[in-house]
Ligand SMILES: O=C(O)CCC(=O)C(=O)O
Ligand SMILES: [Fe+2]
């Protein structure tokens with residue numbers, strides 16, 4: 001029997017509570033991941049992705065020394081069926097986190113990301129002066145049959161605030177969900193050797 005949505009949300013909540021990060025293989029059913037990957041790839045082929053920037057709003061700039069992925073933001077109102085279903089799963093997760101951890105998460109913003117061979121994202125935090133509303137990072141990987149030799153792993157430093165000590169190296173395998181406290185955990189995307197796709201987003205608090 002497959003694990004219920006409720007149980008999987010609980011795994012994420014407990015991971016965030018106990019260590020501030022969590023990696024959940026098979027967060028989605030295989031076919032759901034495949035459908036999302038197909039939707040993302042169709043949008044990529046339609047030319048709907050843009051070079052990702054660093055910073056926000058007027059301060060946003062392209063910095064290819066820092067990150068080389070391309071992104072397509074998820075816009076409510078123009079989502080595929082699979083994208084809408086994933087947003088519903090994230091809404092269940094948002095409510096579970098709020099009920100258990102009292103983080104006051106208000107909404108979610110997110111984008112597909114494509115890392116072409118050679119692309120990377122240098123070590124960074126997702127919550128900083130310009131992005132104080134981002135409290136929890138949630139990444140869903142969409143790469144069926146990803147192998148360690150394909151590179152593109154997420155390197156996630158496990159000690160809050162630390163980017164020198166212990167780190168986990170996580171493969172961006174189809175259906176794997178990684179969540180962490182956006183202001184605590186340094187992370188980077190190691191250079192990909194194959195095209196690597198994901199949906200990255202943030203549960204946000206209001207204002208700030
Ligand atoms: O795709 C990943 O593994 C991480 C992406 C990331 O760190 C970001 O977009 O802020
Ligand atoms: Fe990040």
Legend entry - Long-range neighbours under 9 Å by Cβ, at least six apart or interchain, first residue touching a residue at least 40 places away in the same chain (Cβ under 8 Å) and on the phi < 0 side of the Ramachandran plot within the stretch 88-104, second in a loop (DSSP other than H, G, I, E, B) and surrounded by 17 or more Cβ atoms within 10 Å (Cβ to Cβ): 89/27; 89/28; 94/105; 97/105
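Tell me, which residue of the stretch 154-183 that is part of a loop (DSSP other than H, G, I, E, B) and in contact (Cβ under 8 Å) with a residue 40 or more places away in the chain is nearest to ligand 2 (Cβ to nearest atom)?
Residues of the stretch 154-183 that are part of a loop (DSSP other than H, G, I, E, B), as a first pass: 158-166, 171-172, 174-176, 182-183.
Next, only the ones that are in contact (Cβ under 8 Å) with a residue 40 or more places away in the chain stay: 158, 160, 163, 174-176, 182-183.
On the way: 158: 15, 160: 15, 163: 12, 174: 20, 175: 20, 176: 16, 182: 8, 183: 11 Å.
Filtering the stretch 154-183 for residues that are part of a loop (DSSP other than H, G, I, E, B) and in contact (Cβ under 8 Å) with a residue 40 or more places away in the chain, the one nearest to ligand 2 (Cβ to nearest atom) comes out as 182.
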Legend entry - the stretch 154-173, residues that are surrounded by 22 or more Cβ atoms within 10 Å (Cβ to Cβ) and either modelled with pLDDT under 95 or touching a helix residue (DSSP H, G or I) at 6+ places or on another chain (Cβ under 9 Å) (or both): 172
Inset, instruction - Search the stretch 194-205 for residues that are under 19 Å from residue 38 (Cα atoms) and at pLDDT 95 or above and pair each with any residue that is assigned to a loop (DSSP other than H, G, I, E, B) and away from ligand 1 (no atom under 14 Å from the Cβ) when their beta-carbon atoms are under 9 Å apart and the residues are at least 6 apart or on different chains. - result: 194/117; 194/147; 195/117; 196/117
Inset, instruction - List the number of the failed condition for residue 136; all other conditions in (1) over 23 Å from residue 31 (Cα atoms); (2) not in a strand (DSSP E or B) hold. - result: (2)
Inset, instruction - Specify the residue that is surrounded by the most Cβ atoms within 10 Å (Cβ to Cβ); the eligible residues are those in the stretch 140-153 that are under 13 Å from the mean Cα position of the chain (by Cα) and not in a strand (DSSP E or B). - result: 142
Inset, instruction - Among the residues of the stretch 122-149, write down those that are touching a strand residue (DSSP E or B) at 6+ places or on another chain (Cβ under 7 Å) and either away from ligand 1 (no atom under 13 Å from the Cβ) or without any contact (Cβ under 8 Å) to a residue 24 or more places away in the chain (or both). - result: 133, 135
Inset, instruction - Would you please name the residue that is surrounded by the fewest Cβ atoms within 10 Å (Cβ to Cβ), looking only at residues in the stretch 115-131 that are in a loop (DSSP other than H, G, I, E, B) and more than 11 Å from ligand 2 (Cβ to nearest atom)? - result: 118
Inset, instruction - Run down 190, 177 and say which single residue is closer than 19 Å to residue 8 by Cβ and within 14 Å of ligand 1 (Cβ to nearest atom). - result: 177
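The values are calculated or read from the model by the stated rules, or taken from the named source; none is laboratory data. Everything numeric in this text was worked out from a predicted model, so none of it was measured. Cβ: placed from backbone, ideal geometry, glycine included. Neighbour counts: every protein chain shown.
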